[in-house]
Each structure stands twice: as structure tokens, then as C-alpha cells.
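All remarks here apply to the structure that follows.
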Amino acid sequence: MKKKLIAILLAGAMIALTACGGGNADSSSTSNTDAPATESQKAESGDAAGEEAAATGELVDGKFAETRHITVEVYDRGNDGGSDPTNNMYTEYIKKGMLEDHNVEVEFVKVPRWTEVEEINNLLAAGTAPDICVTYSYPTVLTYAEMGGVLDLSGYVEDYRADLPNLWDWLGETNMYWDKDPVDGTLWAIEGKLAVNNRVNTFVRKDWLDALGLSEPTTTEEFEAMLNAFEENKDTLLGADADKMIPYSVSYDVGWRAATLIESFIDPDITDREYYINGYDDRKLTQNGTKEAVRLLNKWYNQGLMWDNFALYGSGDTTEDDMLKAGYVGAFTHNWDYPFRNGEDSINANLQRNVGEDAYFIAVDPFDDSKGTHTKYVSSTAGDRKIFFPHTNDEPLACMLYLDWISDPEHIQYLQIGDEGVTHNVLESGAIQTVAATGDAIMNSGMNIDYTITCNGLHLATEELTKLSQAYNYAEIDPDVVSRADVVAQTNAVPAKNVNVGAIDSEANIGDTLSAKRDQVYDNAVIASEADFDSVWDSMIADYLNAGGQAIMDERAAKWQEVFGDADMLP
């Protein structure tokens, strides 16, 4: 593998980096198409073959002749009482398996989950990034790829294909090539796969509905009436803690945390063309209809129906979760299974301990769109984390074998459910029921997605077992409550399409800036006085567009026209 010295301008300084020649793997597939050797031939040639394999980087029976060493990123979520993300039951399982199966030593490198983009930027700039990196931010990958800091994976996935059966079987060509440039063929990242394509739900306190004799809200109007009822009856619902009442809670990340409401204001018949051109920001900031959705949030905020200090608490802060667990919040919108996560420390489990057995959140579907449906824009199955190799990775084959190893259905299953009697029980039906774990058996992320980086969501050895076990995969949670949330999340769901028009140059080097401005637009517009709402929204949107948002939309429009012409919809 040739290496060349490249100069990269990072953070205002010139940094010299050594990069592997992008994507042209030297080693060919190890599939043997020759006639089998005799035993005597094997004995005579064994030592020479091993030496040659070590020199060329090829495999012998799936293993390197000499031990290889790779580093792998893992998120550090900072969970109170969690296990060490780099040293626990699951990391040992991976390390042992990779060493036995491929003679590859694995070392995990933790990266803070809530500042992962910033941290990966720093590691890439310093040339110290793990060999296998994971991020939700493709613009981060693209930025460093354009500067020579990321390996082109196109050659590796093809040249090593015969050695990667599990990876190809699980991801398929759709996910493997999701980010492949249609013009020059470069592939800067592999897309992980969503086993469960649910996104966001709205949750309400079931016991509060019952206490006030309210039906579950099925329209936006009914939801607003419910919030008012919570506020008007706070003395009844909270007693001495009435002053702590929060009818509806969102966080500083309004675009995500109010997603189901915002999406209900978008035309359900929106064209693929419009959705793509205005869709750089997955928080729907520049989609038509978003402003009116935020106007409604602004109204609720000024009426005292929302958490007044939501904008002060950034990513990773636990203040809101603490209020949810204490029982002060009536409704909130979040990830589809959020109140069920973390076993005994889940929101619902804490509520039942702190308030009573009848106190828990259920998923509802209140936000109706112009057609009376409840459209939710979800990811495609290829809309998960982006896996990429920095230019400092000099063990691409070993890293590809790692991705293959963790994509083996048996390995995914173990990482998701652990050991029977320790992290799960098997019910009479055969369903896997997760139980609360302790010590190094604790999973810091739901279903250990921080280790199953090619798979997000429950994916057991068979589809039948997966379906049977889905509702039992949250320790301390009633399976019926989980099943309900699953159904709500999938109702009127619209999966994303892959609009592959090649790299959008204006998206590089701008992601962090626009994300920060996006949050500022949302937060300031929600907390503005009702009289100032229009001026605050319009001025801050203009700033967002001038900072690069408009350039992205213009380039997306031009690329769409170039590739799809006047078509409004994709097949």
C-alpha cells in the first residue's frame, strides 16, 4: 500500500498527514479457485505460504499469520453506574472472538457521545483518530475526505468482498454503496442499517389522563386542550409540587424533540424534489410549514404550557430526565422508545417507584396534518451511522474483517442480549426478555448499539425470534406499552429516499456552524414574545441562509436538475 505525504489545512494551521492510497486494496480476495493441494504439498509449502501471507497481508484460513492491532471508536455516554465502555463483558467478547477468528487485537477508544462530532474533528486533525470511526454526521466525513484525511473504501469493499460475507449479507449493496459518488465512484463511508426504522414519538402521562378523565389526544387541538387541562389542574396532579408542573417538555434541540409536531405542518404530498432541496437539515428547519409549527410552540410557551428553561440545558445534561423521572412532566416528544430505556433507571421505572404503579408514559399520536393523517418522516434502513476509516488507518483489511465479525447474526444477538440469567431470560414462548444487569454486564446503550455499529435496533438470529422478543427487550417495562409505542411510531411513516447526486461541495466545512445556528433559530423563536415571533424567526433564518444554508439549497437544486431533470418524484 503506497503512502504519500499530504498537506491539510485544519483549524487554521497546516498539518502534515500521511495517507494510504485511497481505496485500492493491494490484497486480492482469499477465495481459492485452484485445485486442492495434496497433504505433502501442504507440508512442503506451509511455512513459505505463511511467510508470504504475512508479507502481503493476505489471510490463511481467515486469519492473519502475524497478529494485527486495530483501534475502534466507542461512544462514552457517561451513564451513572454504567460499565466502562472500553472494558466490559461485551468488549471482551469482541476482543476474544476477533483474536481467535482473525488474529486481530482490538482496542476500543472512547469518544463522548454528546460531543462526538467535535471530538472526532479534533482526533482527525491531530492524526490520532481510531482506525474505525463512527459518526451520525456525514458532512464531517465529507469535510475530511475532501482534504485527504479519509480513506476511499470503494476498493476495499470490492477487493475483500469474499472475506466479508456477513457484512454484505446484512448491509447489502444498498447500504454498502449508499454514499458512493455516482460520478467518481468514491466511497467515504459505509452506512449502518436500521433494524427497527422507528424515529420519534410523543408521550403523555397515562395516570394524569385517567385522573382528569381525559381521552388520549388524537389531534393537535386535543393535545393543546390536554396541556391546558394539566396546567389548570396542577394542584390536583402534583399537590405541594404544583409549582414544578411542566405540561409539555422539549429540549434545546427543538427540531428533533418536536419533530412529530413540526412534520404535521409539512404538506403530506410534498414532492421528493422539494423535500430534498430543503432537506439538508434533518430537523426540517427550512421546510415549508416549519415556521407555523414553531409559531404554535411559541404560543404554548408564552401561555406557560412548556418548560420555560429548556434552551439553557445542552446535550448530555440530565435536568430534563430528572424532572421526567420525578413526575413533574405531563407530555414530551423524544426517540420512539425513550421512556423505556436503561432498565431500572428508565423514566417509566423511576416514575413507578417515585409516584406509583399507575404512573407511566404511553405513546400517543396527536399531531394531524392537512389530510387528517399523522405523517412521520423516518430514515430509510440505510439512514444510520456512518462508518469510515481515517487516512492513518494502515490495517484496512483487519478493519473490514472487524465490521464483518460484528455483522454476524450470532454475534449481533449476543451483543444485544448477553448471557441468559444475567442480562436476559427465555420465556416459555421462546421470547427473549431483557432483565436489568449489573457491573460489567450493563449495556450503556440500548441493545448495545455502540458495539453493533452496523446494526441499530433489535436483530436476533431469526426474524421470528426478533418479532417475538421486540416488546420484551426493555427491562422493567410492560411489553404492551412497548408494543403500543412501536405501532404509533410506524403509523403513516414515510421512509427517506436516497437522492444520490454526488457530493454537495457547499455542505463541507459548514455542518457545525449551521447546526448551532439551527438550534439558535428554533430556541429563540420559541421563547420570543408572540408579538416578536415573526421578526425573530425571519431575521435568524436570513442569518442561517447567509451563513451557508442558501448555498446548500441552491447547489442541491442544481444537482437535482442535472441528474433528474424536471422530475419531481423519484421512483
Set Val200, Val196: member being open to solvent by less than 40 Å² (accessible area, probe 1.4 Å) and modelled with pLDDT under 95: Val196
Within segment 303-319, how many residues are open to solvent by less than 20 Å² (accessible area, probe 1.4 Å) and either closer than 20 Å to Met447 by Cα or not aliphatic (A, V, I, L, M) (or both)? 2
Against the definition (out of contact with any Lys or Arg (no Cβ under 7 Å at 6 or more places or on another chain), under 25 Å from Thr333 (Cβ atoms) and open to solvent by 30 Å² or more (accessible area, probe 1.4 Å)), how does Glu464 come out, yes or no? no
Inside segment 75-166, counting only helices (runs of 4 or more DSSP H) that do not spill past its ends, which hold 1 or more residues that are in contact with a strand residue (DSSP E or B) (Cβ under 9 Å, 6 or more places away or on another chain) and within 23 Å of Glu410 (Cα to Cα)? 89-102, 154-159
Tally of residues being among the basic types (Lys, Arg) and touching a helix residue (DSSP H, G or I) at 6+ places or on another chain (Cβ under 7 Å) across segment 348-369: 0
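To keep it simple, each residue is scored yes or no on (1) loosely packed, with under 14 Cβ neighbours inside 10 Å; (2) out of contact with any Lys or Arg (no Cβ under 8 Å at 6 or more places or on another chain); (3) among the small types (Gly, Ala, Ser).
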{"residue": "Asp523", "(1), (2), (3)": "no, yes, no"}
{"residue": "Ala547", "(1), (2), (3)": "no, no, yes"}
{"residue": "Ala551", "(1), (2), (3)": "no, yes, yes"}
{"residue": "Glu555", "(1), (2), (3)": "no, yes, no"}
Selection count, segment 252-288, where residues are under 22 Å from the mean Cα position of the chain (by Cα), among the acidic types (Asp, Glu) and either surrounded by fewer than 22 Cβ atoms within 10 Å (Cβ to Cβ) or over 29 Å from Val204 (Cβ atoms) (or both): 3
If I ask for residues that are in contact (Cβ under 8 Å) with a residue 60 or more places away in the chain and under 13 Å from Gly549 (Cα atoms), which ones from segment 285-304 would you list? Leu285, Thr286
Pick from Ile432, Ile453, Ile477: which is of a type in the set (A, V, I, L, M), closer than 17 Å to Asn342 by Cβ and open to solvent by less than 40 Å² (accessible area, probe 1.4 Å)? Ile477
Looking at Ala542, Ala531 in this structure, which one is without any contact (Cβ under 8 Å) to a residue 12 or more places away in the chain and either open to solvent by 50 Å² or more (accessible area, probe 1.4 Å) or at positive phi (or both)? Ala531
So, in segment 61-74, how many residues would count as being in contact with a strand residue (DSSP E or B) (Cβ under 8 Å, 6 or more places away or on another chain), touching a residue at least 60 places away in the same chain (Cβ under 8 Å) and not aromatic (Phe, Trp, Tyr)? 7
Give the residue that is farthest from the chain's Cα centre (by Cα), with candidates limited to residues of segment 100-125 that are touching a residue at least 40 places away in the same chain (Cβ under 8 Å), open to solvent by 50 Å² or more (accessible area, probe 1.4 Å) and farther than 15 Å from Thr86 by Cα. Asp101
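Conditions (1) at pLDDT 95 or above; (2) under 26 Å from Met553 (Cβ atoms); (3) in contact with a strand residue (DSSP E or B) (Cβ under 9 Å, 6 or more places away or on another chain), marked per residue:
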site: Leu285; (1), (2), (3): yes, yes, no
site: Trp300; (1), (2), (3): yes, no, yes
site: Trp307; (1), (2), (3): yes, no, yes
site: Asp322; (1), (2), (3): yes, no, no
site: Tyr360; (1), (2), (3): yes, no, yes
site: Pro366; (1), (2), (3): yes, no, yes
Do any helices (runs of 4 or more DSSP H) entirely within segment 275-385 hold 1 or more residues that are within 23 Å of Val196 (Cα to Cα), and if so, which? 347-354
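The values are calculated or read from the model by the stated rules, or taken from the named source; none is laboratory data. As the structure is a prediction and not an experimental result, all values here were calculated from the model. Heads up, the Cβs are rebuilt from the backbone with ideal geometry, glycines too, and the neighbour counts pull from every protein chain shown. Keep in mind that these areas ignore ligands, DNA and RNA; they rest on the heavy atoms of the full protein, side chains included. Shrake-Rupley method; radii C 1.70, N 1.55, O 1.52, S 1.80 Å.
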